[in-house]
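The values are calculated or read from the model by the stated rules, or taken from the named source; none is laboratory data. Here the structure is a predicted model, which means the values were calculated and not measured. Virtual Cβ from ideal backbone geometry, glycine too; neighbours counted across all protein chains shown.
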Amino acid sequence: MQKLVLIVCLLFTCCQAFAQQDTKQLYESAKILMRQGEYETATTILLKAVKQDSANLDMQKDLAYLYLLQNNPVLSAQTSRPLIDRADADAQCFQMLGMAYKAAANYSECATLYKYGLLKFPKAGVLYNEYGELLAMQQQLDQAIVQWEKGIEQDPNHSNNYYNASMYYALNRKWLRVALYGEYFINLESYTARTATIKGKLLNAYQALLQPGALQQFGNGNSFEKSLAAAICQNNSASKPVNITIDHLLQARTAFLTSWTVEKANQYPLRLIDHLLQLQKEGIWEAYQQWVFGAALDPAAYQQWQTVHAKETQAYQQFQQGRVFKVPTQQYYTGN
């Protein structure tokens, strides 16, 4: 009898193991098809996997996302709505349901969802960003920026809030914040089309901040912003508008870094300043300035610089690809 019970237990365990393996294989196949754009086939396979393991949160979230990719927000919401009440729910569950609500233009319920989600996950940068984008869709930009700022404060390594904040401030010609948030963004997200967009805004910011009278125009705000403006705009002694060149930018930013390090680094520690100092130490400071401003300022000249300075270009690329740019909390000084 004991042998029979043991055999039954072993068979049951083996069946479970085979089922789990089969579910995992189905899930992996669905993800591959999903990446290849075969959404219908991926959905069919993923539904089989979910049927075998309905407790798997990741599969449920991917299924909801697949429905969105097929322009079916109703099925996406039906799939993701139960997930937000699960004990193992995460911020992404709220993000997924919010995306379905936005796709269905269910803005009121979506706003309620984000507020609830932020009560559960008050440090979830993704939810601040999504809520801000919802408000922006409704032309409530002054409320949207409050959410993006809060996202930067609570989750400083989530790049989307920096992107949206930079675009908002560029639209409103608040160039000091564009200069700060834009440079954080391109170091957090360095290889996308959005990176090139923000590099253009960064150039616009410095073209404004390095003109005569810029300190008087942009040097208001709290004590941090006044200090930042004073450090960036300190060499504006010209009486006429300045034609900004890469050499001008290199000189001005070197002076800014030196001034900030001596006078304000202890009062306002910044990951960005530490990063810039490391670039100087590694001997790739100029290559970084070219990477930030070169293509936006003069693409042909930037290409020529890369050709002539191939060694420096390669050294910076290797540094960039090998480093981790991670922003610590409690370095948020701007407020809103």
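Does Pro241 qualify as being touching a residue at least 60 places away in the same chain (Cβ under 8 Å), in a loop (DSSP other than H, G, I, E, B) and surrounded by fewer than 13 Cβ atoms within 10 Å (Cβ to Cβ)?
Here the answer is no, as Pro241 does not meet what is asked.
For region 252-269, give me the residue count where each residue is loosely packed, with under 15 Cβ neighbours inside 10 Å and part of a helix (DSSP H, G or I).
So the answer is 4.
Report whether or not Gln207 is modelled with pLDDT under 95, assigned by TED's automatic domain parsing to the domain that holds Ser259 and either out of contact with any Asp or Glu (no Cβ under 7 Å at 6 or more places or on another chain) or in a helix (DSSP H, G or I) (or both). Steps first, please.
Values: modelled with pLDDT under 95: no; assigned by TED's automatic domain parsing to the domain that holds Ser259: yes; either out of contact with any Asp or Glu (no Cβ under 7 Å at 6 or more places or on another chain) or in a helix (DSSP H, G or I) (or both): yes.
Spelling it out, it is not the case that Gln207 is modelled with pLDDT under 95, assigned by TED's automatic domain parsing to the domain that holds Ser259 and either out of contact with any Asp or Glu (no Cβ under 7 Å at 6 or more places or on another chain) or in a helix (DSSP H, G or I) (or both).
If you check Ala287, Ala301, Ala229, Ala296, which single one turns out to be touching a Gly at 6+ places or on another chain (Cβ under 9 Å) and buried (at least 20 other Cβ atoms within 10 Å of the Cβ)?
Criteria check complete, one pass: Ala229.
Sort through Tyr169, Tyr163, Tyr181 and tell me the only one that's at pLDDT 95 or above and farther than 16 Å from Gly335 by Cβ.
Values: Tyr169 fails: farther than 16 Å from Gly335 by Cβ; Tyr181 fails: farther than 16 Å from Gly335 by Cβ.
When all the criteria are applied, what remains is Tyr163.
Of all the residues that make up region 256-302, how many are free of Cβ contacts under 8 Å to residues at least 60 places away in the same chain and hydrophobic (A, V, I, L, M, F, W, C)?
Of the residues in that region, 15 qualify.
Could you check, for region 77-94, whether at least one of its residues is within 22 Å of Val146 (Cβ to Cβ), surrounded by 22 or more Cβ atoms within 10 Å (Cβ to Cβ) and assigned by TED's automatic domain parsing to the domain that holds Ile145?
Within region 77-94, one or more residues are within 22 Å of Val146 (Cβ to Cβ), surrounded by 22 or more Cβ atoms within 10 Å (Cβ to Cβ) and assigned by TED's automatic domain parsing to the domain that holds Ile145.
Could you tell me which numbered condition Ala196 fails, if it satisfies all but one of (1) among the aliphatic types (A, V, I, L, M); (2) assigned to a helix (DSSP H, G or I); (3) surrounded by 15 or more Cβ atoms within 10 Å (Cβ to Cβ)?
(3)
I need the full set of residues from region 165-176 which are buried (at least 24 other Cβ atoms within 10 Å of the Cβ) and either over 18 Å from Glu225 (Cβ atoms) or in contact (Cβ under 8 Å) with a residue 24 or more places away in the chain (or both), in order please. Break it down into steps so the answer makes sense when it comes.
Initially, region 165-176 is screened for residues buried (at least 24 other Cβ atoms within 10 Å of the Cβ), giving 165-166, 175-176.
The answer is Ser166, Trp175, Leu176.
Can you say whether Glu189 is of a type in the set (Asp, Glu), within 23 Å of Gln207 (Cβ to Cβ) and under 17 Å from the mean Cα position of the chain (by Cα), as far as the supplied structure shows?
yes
Test each condition in (1) surrounded by 16 or more Cβ atoms within 10 Å (Cβ to Cβ); (2) of a type outside the set (Val, Ile, Thr); (3) assigned by TED's automatic domain parsing to the domain that holds Ile273; (4) not in a loop (DSSP other than H, G, I, E, B) for Phe185 and report the one that comes out false.
(3)
When both residues are 6+ apart or on different chains and their Cβ atoms are under 6 Å apart, which pairs have a first residue that lies in region 135-156 and is among the aromatic types (Phe, Trp, Tyr), and a second that is at pLDDT 95 or above and part of a helix (DSSP H, G or I)?
Close Cβ pairs satisfying both conditions: Trp148/Gly132; Trp148/Asn161; Trp148/Asn164; Trp148/Ala165.
Among all residue pairs at least 6 apart or on different chains, which show Cβ distances below 8 Å where the first residue, located in region 101-125, is assigned to a loop (DSSP other than H, G, I, E, B) and the second is aromatic (Phe, Trp, Tyr)?
These pairs meet every condition: Phe121/Phe94; Ala124/Phe94.
Checking Gln78 against (1) farther than 22 Å from Met137 by Cβ; (2) out of contact with any Ser or Thr (no Cβ under 9 Å at 6 or more places or on another chain); (3) part of a helix (DSSP H, G or I); (4) in contact (Cβ under 8 Å) with a residue 12 or more places away in the chain: exactly one of these is not met. Which one?
Going through the list (1) farther than 22 Å from Met137 by Cβ; (2) out of contact with any Ser or Thr (no Cβ under 9 Å at 6 or more places or on another chain); (3) part of a helix (DSSP H, G or I); (4) in contact (Cβ under 8 Å) with a residue 12 or more places away in the chain, Gln78 breaks only (4).
Which ranges mark the helices (runs of 4 or more DSSP H) fully within region 270-336 that have 3 or more residues being within 20 Å of the chain's Cα centre (by Cα)?
Qualifying helices (runs of 4 or more DSSP H): 271-282, 310-322.
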